[in-house]
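Q: Got a structure here, written out as structure tokens. Questions coming.
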Amino acid sequence: MGAVLVVEDEAVVLEATIALLRALGHVAHPARSGDDAMKALIKHPGIDVILADVTLGDGDSGVLLARRLAHSAWPGAFIFVSGDMEASIQTSDRPPHSLFLSKPYGRRDLLRALESARKLTRNTDS
């Protein structure tokens, strides 16, 4: 099992998600922006899933992060999250190795999404 990178600009949500993932036995790393996420991917090469809020502060977004990584060698999958149902429409052009999870989500929903995301990793295409 790899690690999860949680990209969330709301500190309380970020801390709670990291704590939940760690309590469930996952390795989890925090990032507050797309730039922070890119640095974390370099620092922690074992990350195989990015759990990213669709809308981050300062015009940043999980979708923009996915586009930045689209042509990279990173083999992982994305889980886009949002409490705004219109955000699911924004992610309709999301990368093929991704899925959408509505906020608020519970422990069971998060675990299911992680399991599904890991099945989507680029490594399974070859």
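Only the coordinates and a few stated rules stand behind these numbers; no lab work does. Computed from a prediction, not measured in an experiment: that's the story for all the values here. Every residue, glycine as well, gets a Cβ built from its backbone with ideal geometry; the counts of neighbours run over all protein chains shown.
Q: If you take every DSSP beta bridge fully contained in the range 3-121, what fraction is antiparallel? Give it as a percent rounded to 5.
A: Working: 1 of 21 bridges.
Just about 5 percent of them are antiparallel.
Q: Another question about this same structure. Going through the DSSP H helices of the chain, which span 15 Å or more along their own axis at the Cα atoms while scoring at least -1.0 as a mean Kyte-Doolittle hydropathy?
A: Passing helices, by number: 11-23.
Q: Please arrange V12, V7, V27 by counting, for each residue, the other beta carbons lying within 10 Å of its beta carbon, fewest first.
A: Ranking V12, V7, V27 by Cβ neighbours within 10 Å, fewest first, gives V12, V27, V7.
Q: How many nm separate the modelled label positions at I42 and V12, each set 7 Å beyond the Cα in the direction of the Cβ?
A: According to this spin-label approximation, the distance is 3.4 nm.
Q: Quote the relative contact order of the range 3-121 in percent (integer), defining contacts as alpha-carbon pairs under 8 Å separated by 6+ residues.
A: Details: 197 pairs, mean separation 27.1, N = 119.
Over the range 3-121, the number comes to 23 percent.
Q: Taking other Cβ within 10 Å of each residue's Cβ, how do V81, V4 sort, fewest first? Kindly include the intermediate steps, with their values, before the conclusion.
A: Details: V81 27, V4 24.
Going from least to most buried by this count: V4, V81.
Q: Once both labels are modelled 7 Å past Cα along the beta-carbon direction, what's the L64-S116 spacing in nm?
A: 2.7 nm
Q: Taking 2.2 N^0.38 Å as the expected size of a compact globular protein, what ratio does the Cα radius of gyration of the chain give against it, to two decimals?
A: The chain yields a ratio of 0.94.
Q: Here is a follow-up. With a 10 Å cut-off between alpha carbons and a GNM built on the chain, which of L111, L51, L14 moves the most?
A: L111
Q: Ranked by Cβ crowding within 10 angstrom, fewest neighbours first, how are E8, E15, E115 ordered?
A: Listed from fewest to most nearby Cβ atoms, that is E115, E15, E8.
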